[in-house]
1. Quick one: what pairs do we get from the stretch 94-119, first residue without any contact (Cβ under 8 Å) to a residue 60 or more places away in the chain, second surrounded by 14 or more Cβ atoms within 10 Å (Cβ to Cβ) and not in a helix (DSSP H, G or I), C-beta under 7 Å, 6+ apart or different chains?
2. Taking the condition β-branched (Val, Ile, Thr), closer than 24 Å to SER243 by Cβ and more than 14 Å from the ligand (Cβ to nearest atom), does VAL175 pass?
3. Restricting the search to the stretch 242-272, which residues are of a type outside the set (D, E, K, R) and surrounded by fewer than 24 Cβ atoms within 10 Å (Cβ to Cβ)?
4. Can you confirm whether the stretch 103-119 contains a residue that is crowded, with 17+ Cβ neighbours inside 10 Å, more than 16 Å from the ligand (Cβ to nearest atom) and charged (D, E, K, R)?
5. Quick one: which residue in PHE208, PHE290 is within 14 Å of the ligand (Cβ to nearest atom) and assigned to a loop (DSSP other than H, G, I, E, B)?
6. Could you tell me whether the stretch 149-168 includes any residue that is modelled with pLDDT of 95 or more and within 16 Å of the ligand (Cβ to nearest atom)?
7. Only one of (1) under 21 Å from the mean Cα position of the chain (by Cα); (2) assigned to a loop (DSSP other than H, G, I, E, B); (3) surrounded by fewer than 24 Cβ atoms within 10 Å (Cβ to Cβ) fails for ARG278. Which number is that?
8. Filter the stretch 178-199 for residues that are within 13 Å of the ligand (Cβ to nearest atom) and in a helix (DSSP H, G or I); which is surrounded by the fewest Cβ atoms within 10 Å (Cβ to Cβ)?
Amino acid sequence: LPPDDFRAAAHAAVDWIADYLEHATQLPVKSRVQPGAIRAALPTSAPTKGEPLEAMLRDFRDTIMPGITHWNHPGFFAYFANSASYPGILGELLAAGINANGMLWVTSPAVTELEQVSLDWLRQLMGLGDGWFGQITDTASVSTFYALAAAREQAGLDVRMQGMAGRADMPRLRVYCSEHAHSSIDKAVIALGLGHENLVKVPADENFRMRPDALESAIQADIAAGFRPIAVVPCVGTTSMTSVDPVRAVVRIARAHGCWVHVDAAYGGVTAIVPEMRHLMDGTDDADSFVVNPHKWLFTPMDCSVMYTKHPEALKRAFALLPEYLITSTQDETVNLMDYGIQLGRRFRSLKLWMVMRAYGAEGIAERIRFHCDLARDFAGMVHFESGGWELTAPVTMSLVCFRYAPSGLSEADIARANAAIMERVNADGRAYLSHTKLNGKYTLRLAIGNIRTDRSHVETAWAELRSAAAAI
Ligand code: PLP
């Protein structure tokens, strides 16, 4: 491929991206294709001879794009909305151009060092103390897996060498999280071979926060029954309703029983960048590890999760290996990120995060997060004051609103059906996209605000759509 062809196609691609982001609202947020349609529209095998870049860009536009649900659309309110900011996209683009692999310090010193610098910046932005070691992973699911692997290592049972199966000296290990914790905790427990039944779901209070007294009782009962508690995973910003577990109380209980505390702040952690919201992360500085996802609410393109721990040596004990072909002359004086997890090869993810933090600064980031929370409160106000059966179903702690249409006289099953129908109608219209959950058995709609381009008008449009859908069903 001649370099000039690449230059021309790349310029065209960047122009396309800029137009796309500027006019995203003209596209339906949620893809309308039927299952299998994209696959059916594509050739079943790779071409024998190379094709020109323009042909690929054309097919990307005409065939692939209809199968895209637009997370960059300001009307994206499903799951946890996220977005790629301009500086984040630039960082991703440049990283692809360089194609550096930071598996060892020496294989690209800047990859390792910028990762450490940017994660130290992020730690400071969140108002956390010294002593945290950070590494970037692809997702919170992997970050939590690493944290629990380190917790198991820290328990001193030599699982690395001896494994867990068939050992008479191996107690059953237990991990605790709230009944509202994300399924990534379950997956980590399963993948580590701890056994899903050894993840104890601690009951929550009426505001969906893990109950410390219930945690204490569960741990004590387990110890009495011969189990060995090894870790507790409180959450700051639960997936269904962004409730905040009492991390400080959890840490106190966990410490008394020798447990590692890993805080799942995948979504909610960035609220600590907003001075008046920092209290939501209270207690995290005393934990052993936590995860926060810049690819959720820090305007950084997928994927970028950060796992911080005070005990990087436990990660090393769990994962470090040094075959001959990876020995380097600088290994004793440098951090080699391959030592802290499963992956060897490492993308240059910190570049985009660094560019986001530089472009917006602490104040710019805080301002946007604060604005999203203001929008969420305003939307909650609209729901609350609307006569005719709308209700809030959880407190608004961050930028997520849980609500539903529940006119009096309808059974719970009818309310669930009505809200599913409302959501389907709104999502089919194309201007907004919402998702749902169940709170204590109640079917609930979720409006999650987190896109950097979301404005008041997009939230108002969603609300108008919701009301007209309710009127129509
Ligand atoms: N933890 C929480 C609280 C989440 O809400 C999510 C996803 O939404 C995750 C963990 C998993 O995130 P990831 O997709 O990065 O694995």
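The values are calculated or read from the model by the stated rules, or taken from the named source; none is laboratory data. Quick caveat, the model's predicted, so the values are computed rather than measured. All Cβ positions, even for glycine, are placed from backbone atoms using ideal geometry, and neighbour counts span all protein chains on display.
1. Hits for this filter: THR107/ASN101.
2. Details: β-branched (Val, Ile, Thr): yes; closer than 24 Å to SER243 by Cβ: yes; more than 14 Å from the ligand (Cβ to nearest atom): yes.
Yes: the conditions hold for VAL175.
3. To start, the set of residues in the stretch 242-272 that are of a type outside the set (D, E, K, R) comprises 242-244, 246-247, 249-251, 253-254, 256-263, 265-272.
PRO246, ALA249, VAL251, ILE253, ALA256, HIS257, GLY258, listed by residue number.
4. Among the residues of the stretch 103-119, at least one is crowded, with 17+ Cβ neighbours inside 10 Å, more than 16 Å from the ligand (Cβ to nearest atom) and charged (D, E, K, R), which makes the answer yes.
5. Details: PHE290 fails: assigned to a loop (DSSP other than H, G, I, E, B).
Just one listed residue meets the conditions, PHE208.
6. yes
7. Exception for ARG278: condition (2).
8. First, the residues of the stretch 178-199 that are within 13 Å of the ligand (Cβ to nearest atom): 178, 180-188, 191.
Filter again for in a helix (DSSP H, G or I), leaving 183-188, 191.
Numbers: SER183: 10, SER184: 20, ILE185: 26, ASP186: 16, LYS187: 16, ALA188: 26, ALA191: 13.
Only one residue tops the list, namely SER183.
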